[in-house]
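Trainee: Sending over a structure as structure tokens; questions will come in a sec.
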Amino acid sequence: MFLLILVVVCYTICSLSDKYAVSTAKFNGDELGFLMAAATAVFMACCLPFLDRTITLSWQSFAAIGLLCLSKILEFKLSAIILDEISAFELKAWLGITLFMSYATDIFLGEKPSIFKFLFIVLTVAGLVFIAKSGRTDSGNINYRRIVVPLVFYLLARYGYGIVVRASENYISSTMALFFALILMAIILLPRAKPLEIFKKNQKGAWVVVLTKIPNVAGLLAENAVIAVSLASASFIQPMILCSLFVIALIRKEPITKLRFIGSVICMVGIIGFQVC
């Protein structure tokens, strides 16, 4: 539970930073993706002497690096397409599907099934649905035909990240796989991102994004540790981030709709219940 809370705190900081990068600093997806990958890889390199650096020269290791890189790129690219049609809240709600997928995988890998855990997953997803409805402005104009394929691959990319980490643990540590995946991602995005122009465009914004990747490193390492124990627990990270943003909104006394309030409370009950079962 401590690792989950650490991940949520770190990723909440990064979520606020990403929102700033897009809405205030006006960075596009390629620019933000490059800054995220390059800065995180640099800060992670400073931690490598203290982390598991296991790596074997095998096709499994190279496959893990390539698939993790693909997962991150798809996450950035597809989310931009999907968010043109639905709200960020609704996208998080769709991620509830991965809760069921991840828990089924945990059972396949040997975890004893629990009806109570399943019910708390259902409760969490119900809360996500309420939150999603609170973020809708005009559901009648949503073109699901346009986003159904990107949405499917987005969910597979999020679910697949954990699968790759678990499947490759005997060949390469999650730290090394992620480190090289981030470097590969930065190289792929380099021509379109044009880093020198990023800093000319908004130097202050670029440094804000870069520096907030320090907690991102801690979040990624803690997330990989959670994945090693339970894919389902790792899938609760996004709902927990929504709940943390809800708490921040309460502290700031921001206007909160009834649906968001109810959905956030239901999510919290589902998350806590799953963890204590």
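Trainee: Looking at L3, L16, L83 in this structure, which one is within 14 Å of V210 (Cα to Cα), modelled with pLDDT under 85 and open to solvent by 60 Å² or more (accessible area, probe 1.4 Å)?
Mentor: Of the residues listed, the single one that is within 14 Å of V210 (Cα to Cα), modelled with pLDDT under 85 and open to solvent by 60 Å² or more (accessible area, probe 1.4 Å) is L16.
Trainee: Moving on to the next point. Based on what the data block shows, is F116 surrounded by fewer than 20 Cβ atoms within 10 Å (Cβ to Cβ), modelled with pLDDT of 85 or more, outside any loop (DSSP other than H, G, I, E, B) and more than 16 Å from the chain's Cα centre (by Cα)? I'd like the intermediate steps shown before the answer.
Mentor: Values: surrounded by fewer than 20 Cβ atoms within 10 Å (Cβ to Cβ): yes; modelled with pLDDT of 85 or more: yes; outside any loop (DSSP other than H, G, I, E, B): yes; more than 16 Å from the chain's Cα centre (by Cα): yes.
So F116 fits the description; yes.
Trainee: Shifting gears a bit: Step by step: first the residues of region 91-108, then only those that are within 15 Å of G160 (Cβ to Cβ) and modelled with pLDDT under 85, then the one that is nearest to the chain's Cα centre (by Cα). Which residue is that?
Mentor: Result: L95.
Trainee: Determine which single condition T137 fails, assuming it passes every other condition in (1) in a helix (DSSP H, G or I); (2) modelled with pLDDT under 80.
Mentor: Here T137 meets the rest and fails (1).
Trainee: In addition: What's the total number of residues in region 234-246 that are over 16 Å from K19 (Cβ atoms) and more than 13 Å from the chain's Cα centre (by Cα)? Step through it out loud before you land on a result.
Mentor: Step one: list which residues in region 234-246 are over 16 Å from K19 (Cβ atoms), which gives 234-237, 239-240, 243.
So of that shortlist, the ones also more than 13 Å from the chain's Cα centre (by Cα) come out as 243.
Residues meeting the conditions: 1.
Trainee: OK, next. Which of the residues that make up region 221-276 are under 22 Å from G110 (Cα atoms), crowded, with 16+ Cβ neighbours inside 10 Å and without any contact (Cβ under 8 Å) to a residue 60 or more places away in the chain?
Mentor: Answer for region 221-276, where residues must be under 22 Å from G110 (Cα atoms), crowded, with 16+ Cβ neighbours inside 10 Å and without any contact (Cβ under 8 Å) to a residue 60 or more places away in the chain: just N224.
Trainee: On to the next question. Restricting attention to region 184-226, report how many residues are more than 18 Å from D30 (Cβ to Cβ), among the aliphatic types (A, V, I, L, M) and in contact with a Leu (Cβ under 9 Å, 6 or more places away or on another chain).
Mentor: Result for region 184-226: 6.
Trainee: Separate question: Mind counting the residues in region 62-80 that are open to solvent by 60 Å² or more (accessible area, probe 1.4 Å) and modelled with pLDDT of 85 or more?
Mentor: The qualifying residues number 3.
Trainee: Restricting region 244-270 to residues that are part of a helix (DSSP H, G or I) and polar (S, T, N, Q), which is modelled with the lowest pLDDT?
Mentor: S244
Trainee: Just give me the residues in region 1-57 being of a type in the set (D, E, K, R) and within 15 Å of the chain's Cα centre (by Cα), in sequence order.
Mentor: D18, K19
Trainee: Related question: Check region 31-53 and report whether any residue there is open to solvent by 40 Å² or more (accessible area, probe 1.4 Å) and under 23 Å from A80 (Cα atoms).
Mentor: No, there is no match, as no residue in region 31-53 is open to solvent by 40 Å² or more (accessible area, probe 1.4 Å) and under 23 Å from A80 (Cα atoms).
Trainee: List every residue pair whose Cβ atoms lie under 7 Å apart, where the two residues are 6 or more positions apart in sequence or sit on different chains, the first residue falls within region 99-118 and is basic (K, R), and the second residue, located anywhere, is surrounded by fewer than 19 Cβ atoms within 10 Å (Cβ to Cβ).
Mentor: Partner pairs satisfying both residue conditions: K117/C277.
The values are calculated or read from the model by the stated rules, or taken from the named source; none is laboratory data. Just so it is clear, the model here is predicted, and its values are computed rather than measured. Don't worry about glycine lacking a Cβ; one is built from the backbone with ideal geometry, like all the others, and counts go over all protein chains shown. For the accessible areas, the whole protein counts, side chains as well, though only heavy atoms, and no ligand, DNA or RNA atoms are used. Shrake-Rupley method; radii C 1.70, N 1.55, O 1.52, S 1.80 Å.
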